[in-house]
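In what follows, a structure is listed as structure tokens, so that the remarks can point back to it.
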Amino acid sequence: MALKVYINGKLYDKDEAKISVYDHGLLYGDGVFEGIRSYSGKVFRLREHLDRLWNSAKAIWLEIPMTKEEMAQAIHDTLSANGILDGYIRVVVTRGVGTLGLDPNRCSQPQVIIITDLIALYPEDYYRNGLEIITVSTTRNHPAALNPRIKSLNYLNNILAKIEGLQAGCIEALMLNHKGEVAECTGDNIFVVRQGRIATPPIDAGILEGITRDAVIGLARQSGIEVAEIPLTRHDVYIADECFLTGTAAEVIPVVKVDSRTIGDGRPGPITRDLMQQFHKLTRS
Ligand code: PXG
């Protein structure tokens, strides 16, 4: 049976799920999106993802043509139409079908797309042995331009960073902000551990307010571990005892090498391993 894709209230077979070439989502990356996980049929932090989607839309003057409750229902309907329990949900809202000009007022109405699919998990080896990443030359978007807090369809900057990383043999890449501080990776937030305390860049470093980041900060604080949201330099990462990344797809993933510097003893550290386990429990129970 073909996978069903939701577009504007209807379910289409994957091959029939089509959007106009005049859609400003395609022509200009004019739209917003979310990447969400479902575990055993339960959508993880759905409310938070919908709030972030609506906030992203608000910031770009895009009105989502339905309520959050209707969107939640549409997500559940699409999951069940595909019989997906453990999966990945991509919600996309585009500005809609317009002209070849930039003017968003010439667009018909926003288009709502929901894709639910099986999740492509990272290889187990990364979780057991940790990742090696590098800092790339592509700077994170300046917050005064397209603010990184907006999860917009324009991900080209992150894709350029990802290409730089891949060319160096790394599946993730660290991006700095316009001030040269550590921001985040191309699709994951970054954390370091030093002397039993956790630190991660603050939102105003110009990063996405990750929902996994939030969940992991909560788990750490519940376990009595101090978490500081403070500006970090590359040096802070190099001298960390532990480093890990968080994201919807990756969950919590250890980093053991940054710019050819071994982090700690080169093995995933105890706090990282504990948080990986706690996050696993949070999502699977
Ligand atoms: N930073 C950026 C720039 C992101 O795009 C995260 C951090 C982590 O946020 P969450 O809310 O997921 O904890 C993201 C989100 C994918 C994929 O399929 C992942 C993201 C975006 C697009 C695709 O791996 N990451």
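The values are calculated or read from the model by the stated rules, or taken from the named source; none is laboratory data. None of these values were measured; they are calculated from a predicted model. Virtual Cβ from ideal backbone geometry, glycine too; neighbours counted across all protein chains shown. Accessible surface is based on the protein model in full, side chains and every heavy atom, while ligands, DNA and RNA are left aside. Shrake-Rupley method; radii C 1.70, N 1.55, O 1.52, S 1.80 Å.
Scan the strands (runs of 3 or more DSSP E) fully inside the stretch 1-54 and keep the ones with 3 or more residues being within 25 Å of GLY98 (Cα to Cα) and in contact (Cβ under 8 Å) with a residue 12 or more places away in the chain.
Numbers: elements: 4-7, 10-13, 31-39.
Ranges flagged: 4-7, 31-39.
Every residue, every condition in (1) β-branched (Val, Ile, Thr); (2) under 20 Å from the mean Cα position of the chain (by Cα), yes or no:
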{"position": "ILE211", "(1), (2)": "yes, yes"}
{"position": "LEU219", "(1), (2)": "no, yes"}
{"position": "GLU226", "(1), (2)": "no, no"}
{"position": "HIS235", "(1), (2)": "no, no"}
{"position": "ILE239", "(1), (2)": "yes, no"}
{"position": "LEU245", "(1), (2)": "no, yes"}
{"position": "ALA249", "(1), (2)": "no, yes"}
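What is the residue count in the stretch 38-62 for residues that are more than 16 Å from the ligand (Cβ to nearest atom), within 30 Å of TYR28 (Cβ to Cβ) and out of contact with any strand residue (DSSP E or B) (no Cβ under 8 Å at 6 or more places or on another chain)?
2
Report, by residue number, each residue of the stretch 20-32 that is within 16 Å of the ligand (Cβ to nearest atom) and buried (at least 18 other Cβ atoms within 10 Å of the Cβ). Working first, answer last.
Within the stretch 20-32, the first condition is being within 16 Å of the ligand (Cβ to nearest atom), and the residues that meet it are 25, 29, 31-32.
The answer is GLY25, GLY31, VAL32.
Does ILE150 qualify as being within 11 Å of the ligand (Cβ to nearest atom), farther than 28 Å from ILE271 by Cα and either open to solvent by less than 80 Å² (accessible area, probe 1.4 Å) or among the hydroxyl-bearing types (Ser, Thr, Tyr) (or both)?
Criteria met by ILE150.
Please go through the stretch 63-120 and give me each residue that is outside any loop (DSSP other than H, G, I, E, B), within 16 Å of the ligand (Cβ to nearest atom) and surrounded by fewer than 16 Cβ atoms within 10 Å (Cβ to Cβ), ordered by number.
Matches in the stretch 63-120: ARG90, ASP117.
Return yes or no: is ALA240 open to solvent by less than 50 Å² (accessible area, probe 1.4 Å), of a type in the set (Gly, Ala, Ser) and within 18 Å of PHE44 (Cβ to Cβ)?
On the way: open to solvent by less than 50 Å² (accessible area, probe 1.4 Å): yes; of a type in the set (Gly, Ala, Ser): yes; within 18 Å of PHE44 (Cβ to Cβ): no.
Answer is no for this residue.
Among the numbered criteria (1) out of contact with any Gly (no Cβ under 6 Å at 6 or more places or on another chain); (2) in contact (Cβ under 8 Å) with a residue 12 or more places away in the chain, which single criterion is violated by LYS281?
Every listed condition holds for LYS281 apart from (2).
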